[in-house]
Amino acid sequence: MNFVFLSPHYPPNFVNFSIQLKRMGGNVLGLADEGYHNLPDALHWALTEYYRVDSLSNYDQLLRALGYFTHRYGKIDRLDSLNEFWLETEAQLRTDFNIPGIKNDDIMKIKRKSEMKKIFKRAGIAVAAGVRARNDAEVRDFADQVGYPLVAKPDIGVGANATYKIHNEMELGFFLQKKLHDYILEEFVEGEICSFDGLTDRDGNIVFYTSHIYQRGVMETVNERSDIYYYSLREIPADLELAGRKTAKAFDVRERFFHFEFFRKPDDTLVALEVNIRPPGGLTTDMMNFANDFDIYREWANVLINNRFDPIYSRPFHVCYVSRRYRFEYVHTHDEVIGKFGELIPTHQPILGAWSVALGDYGYLIRSPELEEALEAAKFIQEKVEPS
């Protein structure tokens, strides 16, 4: 299998995808704008060849790169970055080179939040009321119908970047004055964010799934530059699994990771938030491994090469991601954290690049069969010095 990996070095833990694909017998071809000598040594081993472009946003250079790979190695069988930012670029390249996977005809249903709502509704899954911000009158009519607060977000956007909570008519006026392009406004839904995450095989069967509960919304974390923690469940609620399976079928997810987000409202009902056809961000793929004692990177490669997922998993552990930000002063030092909870911490590391906006500057993974123990460690790690 000839596999072209866009930006195979980022985020750093995603290097493991190339390594495992190579071990499975794949021919891994790297394509990015980073200097070859700046790539990790492990990636040097995994890549058959690396093609450097000036910018991954320069489509002409990407075309030349894939033309070169095709001439040298034959037909490209798969192309991916496993990164939401490049979904449209990947779809265009797959379309131009007839590579299996998501192409131009499919991309808007997984990029535009307004299109996601239509598919959720057809699948019988509740969604937050929303409207495209096409003109002031339509937006104000929507605000009159659903009331405040509202959430304004790019219809095509990554994470919670440039997302706002609008509390009243005055703030709505400020928003409209900015003339922000291609936005969607939604009613604010009170509730806990829960995800349904996993991997499908070539035929669209879900071969692995899990769920994570978020202590707070990513929008608030980004806008307030605050800490966040979230944790995996050992038992998946039946209604969440049903909604997740219906979503995977409605969006025809094949041979890909998925990260579906829902609100669980105070009345215990679910409301769909959005669909991401990629692995969940940051260290979440590592959380899957530590929660199940398997290697999700290997099994992703196994699905691509053999259309098979081998492990039988039982989720013996909760795994909690806990962040810190350098701008805060914490009661307990890093050494104190490791001294008290080191046996529960399989890994800790800086969070680099764009992920740090939502996930903090430094992350710890806490692993325990008991959720209370993991949350106790999270509270200890994030306890802050009170301002004097």
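The values are calculated or read from the model by the stated rules, or taken from the named source; none is laboratory data. Keep in mind it's a predicted model, so treat the numbers as computed, not measured. Cβ: placed from backbone, ideal geometry, glycine included. Neighbour counts: every protein chain shown. Note: accessible area is taken over every heavy atom of the protein model, side chains too, but ligands, DNA and RNA are not part of it. Shrake-Rupley method; radii C 1.70, N 1.55, O 1.52, S 1.80 Å.
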(Q) Excluding same-chain pairs closer than 8 in sequence, count the lysine pairs in the range 72-124 whose Cα atoms lie under 25 Å apart. (A) 11
Q) For the range 1-98, what are the per-bin percents of Cα-Cα distances with bins 10 Å wide, up to the bin holding the maximum? A) 16, 55, 28, 1
Q: Can you figure out the FRET efficiency of residue 148 with residue 327, using R₀ = 41 Å and their beta-carbon distance, to the nearest 0.05?
A: 0.85
Q: Mind checking the per residue accessible area of the chain for me, 1.4 Å probe, whole number of Å²?
A: 45 Å²
Q: Report ³J(HN,Hα) in whole Hz for each residue of the range 52-59, in order, from the Karplus equation J = 6.51 cos²θ - 1.76 cosθ + 1.60 where θ = phi - 60°; Gly and Pro get x.
A: 9, 10, 5, 7, 6, 8, 8, 5
Q. Ordered by residue, what ³J(HN,Hα) values in Hz, to whole numbers, does the range 330-340 give under the Karplus form 6.51 cos²θ - 1.76 cosθ + 1.60, where θ = phi - 60° and Gly and Pro are x?
A. 9, 5, 10, 6, 4, 5, 5, 4, 5, x, 8
Q | GNM flexibility winner over the chain from 201, 144, 267 (Cα, springs under 10 Å) | A | 267
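What is the Cα radius of gyration of the range 252-311 over 2.2 N^0.38 Å, N being its residue count?
Expressed relative to 2.2 N^0.38 Å, the Cα Rg reads 1.36.
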Q. How big is the C-alpha Rg of the range 203-308 next to the rule-of-thumb value 2.2 N^0.38 Å, as a ratio?
A. 1.13
**Q.** Accessible area of the chain belonging to carbon and sulfur atoms, whole % at 1.4 Å probe
**A.** 48 percent
Q: For the range 291-373, build the convex hull from the C-alpha positions and give me its volume per residue in Å³.
A: 122 Å³
Q | Computed [θ] at 222 nm, helices only, for the chain once each DSSP H run of length n ≥ 4 contributes -39500 (n - 2.57) | A | -10500 deg cm²/dmol
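Can you tell me the alpha carbon radius of gyration of the range 233-378 divided by the globular rule-of-thumb value 2.2 N^0.38 Å? Mind showing how you got there, number by number?
Working: Rg = 17.0 Å, N = 146, 2.2 N^0.38 = 14.6 Å.
Dividing the Cα radius of gyration by 2.2 N^0.38 Å gives 1.16.
Want the number for residue 140 to residue 68: 0.36 nm per residue separation, take away the alpha-carbon distance, what's left? List each step's numbers first, then the result.
Values: separation 72, 0.36 × 72 = 25.92 nm, distance 5.22 nm.
Taking residue 140 through residue 68 to full extension adds about 20.7 nm, to one decimal.
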Q. Using a 1.4 angstrom probe and counting only protein chains, how large is the accessible area of residue 51 in Å², to 10?
A. 60 Å²
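If the viscosity is 0.890 mPa s and the temperature 25 °C, what translational diffusion coefficient in µm²/s does Stokes-Einstein give for the range 117-195 when Rh comes from Kirkwood over Cα pairs?
On the way: Rh = 13.2 Å.
For these conditions, the coefficient is 185 µm²/s.
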Q: Excluding residues fewer than 8 places away in the same chain, name every one of the lysines whose C-alpha is closer than 16 Å to that of residue 178.
A: 153, 165
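So how do 375-388, 15-28 stack up, highest first, on mean other-Cβ count within 10 Å? The partial results should precede the final answer.
Values: 375-388: 14.6, 15-28: 20.2.
Answer by packing, highest mean first, reads 15-28, 375-388.
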Q) Given +1 on the Cβ of Lys and Arg, -1 on the Cβ of Asp and Glu, and no further charges, what dipole in debye does the chain carry about its Cα centre, rounded to the nearest 20? A) 1120 debye
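What are the semi-axes of the equivalent ellipsoid of the range 77-219, taken as the square roots of 5 times the eigenvalues of the Cα gyration tensor, listed largest first and rounded to whole Å? Let's see the in-between values first.
Values: eigenvalues 195, 73, 38 Å².
They are 31, 19, 14 Å, listed largest first.
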Q | Residue-span extension gain [residue 376 to residue 310] - 0.36 nm each, minus C-alpha spacing | A | 20.4 nm
